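Peer 1: The following block contains the structure, expressed as structure tokens.
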Ligand SMILES: [Zn+2]
Ligand SMILES: [Zn+2]
């Protein structure tokens, strides 16, 4: 049976001992395949949101198309890695994004591939954005600065998908240079500085290890468990599920900073995919937010309003 996991196997040079990899770089083709598979499962299972899950599967298909037919060239890879080392707070971000063309082309290609599945007012809105380069670049800058409410919600999902396919290829192909920040206590991605989607507890050879997954470049980075990923406190950590304690989708809250992160227990259910299954479990978020907790991280399939 082929290995369906999108997570690289551990190095087993020392028999019986698995070294903890500080970061796991994305294997993009497999990652997109798994995401598509989960979106399709959820589209059938959660009929009330079926149409949106089906739309997202067209979007991920289009990302896969870009991966296969428009691979990132060396100048664009270098330019994206240059952004990582300057950090996202830099005032230069907007100028840098203007000079990096791959994500702008990716946005146009994604739009062409999905436009048949968009309601016409949204399609028109996104097409106008593609034609207005300064506004497109401003919108991308706002997204990377976490100013999500500045960008039209429909445009944000497609624009982020365009940035993501380029950023993810840059880290996957330039792994030795991609990590630009210390990893030990990072709440944001040590490569591209974007917030996490959530936290994964792995199974198999990495049984029980916790990694956060980047919402932008798809990298996973190791964080010890039972410690708040944001403030580092460990006294008031609680785990919540909608049903039983063995539920594969859980929420970890911190009573000290009032933050929470969604956790996907791949050791309980290896089929889970963070972005798709997060979207399929927002009722858990709603219940936790009613108790005064704030989400750590974002899901780029549904930006905070
Ligand atoms: Zn990242
Ligand atoms: Zn905390």
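The values are calculated or read from the model by the stated rules, or taken from the named source; none is laboratory data. These figures come from a predicted structure and were not determined experimentally. Neighbour counts run over all protein chains shown; Cβ positions are idealised from the backbone, glycine included.
Peer 1: Enumerate the strands (runs of 3 or more DSSP E) found wholly within segment 196-262, keeping only those where 2 or more residues are within 15 Å of ligand 1 (Cβ to nearest atom) and within 19 Å of residue 298 (Cα to Cα).
Peer 2: Per the criteria, 196-201, 210-214, 220-222.
Peer 1: If residue 87 satisfies all but one of (1) free of Cβ contacts under 8 Å to residues at least 24 places away in the same chain; (2) more than 26 Å from residue 52 (Cβ to Cβ); (3) exposed (fewer than 14 other Cβ atoms within 10 Å of the Cβ), what's the number of the condition it fails?
Peer 2: Looking at each condition in turn, residue 87 falls short on (1).
Peer 1: Would you check if residue 162 is assigned to a helix (DSSP H, G or I), buried (at least 22 other Cβ atoms within 10 Å of the Cβ) and within 14 Å of ligand 1 (Cβ to nearest atom)?
Peer 2: Against the criterion (assigned to a helix (DSSP H, G or I), buried (at least 22 other Cβ atoms within 10 Å of the Cβ) and within 14 Å of ligand 1 (Cβ to nearest atom)), residue 162 does not qualify.
Peer 1: If a residue must be more than 16 Å from ligand 2 (Cβ to nearest atom) and assigned to a helix (DSSP H, G or I), how many such residues does segment 263-297 contain? Walk me through how you get there before you give the answer.
Peer 2: As a first pass, look at segment 263-297 and keep what is more than 16 Å from ligand 2 (Cβ to nearest atom): 264-287, 290.
If we keep only those that are assigned to a helix (DSSP H, G or I) as well, we get 274-279, 282-287.
Residues that pass the stated criteria total 12.
Peer 1: A follow-up question, please. If you go through segment 212-245 one residue at a time, how many are farther than 22 Å from residue 290 by Cβ, loosely packed, with under 12 Cβ neighbours inside 10 Å and at pLDDT below 95?
Peer 2: 1
Peer 1: Moving on to the next point. Out of 232, 259, which single residue is within 16 Å of ligand 2 (Cβ to nearest atom) and out of contact with any strand residue (DSSP E or B) (no Cβ under 7 Å at 6 or more places or on another chain)?
Peer 2: From the options 232, 259, the qualifying one is 232.
Peer 1: Go through (1) surrounded by fewer than 13 Cβ atoms within 10 Å (Cβ to Cβ); (2) under 23 Å from residue 210 (Cβ atoms) for residue 22 and report which single condition fails.
Peer 2: (1) is the only condition that residue 22 fails.
Peer 1: Which residues, taken from segment 174-213, are in contact with a helix residue (DSSP H, G or I) (Cβ under 6 Å, 6 or more places away or on another chain) and more than 13 Å from residue 143 (Cβ to Cβ)?
Peer 2: Scanning segment 174-213 gives 174, 177, 178, 180, 191, 197, 198, 213.
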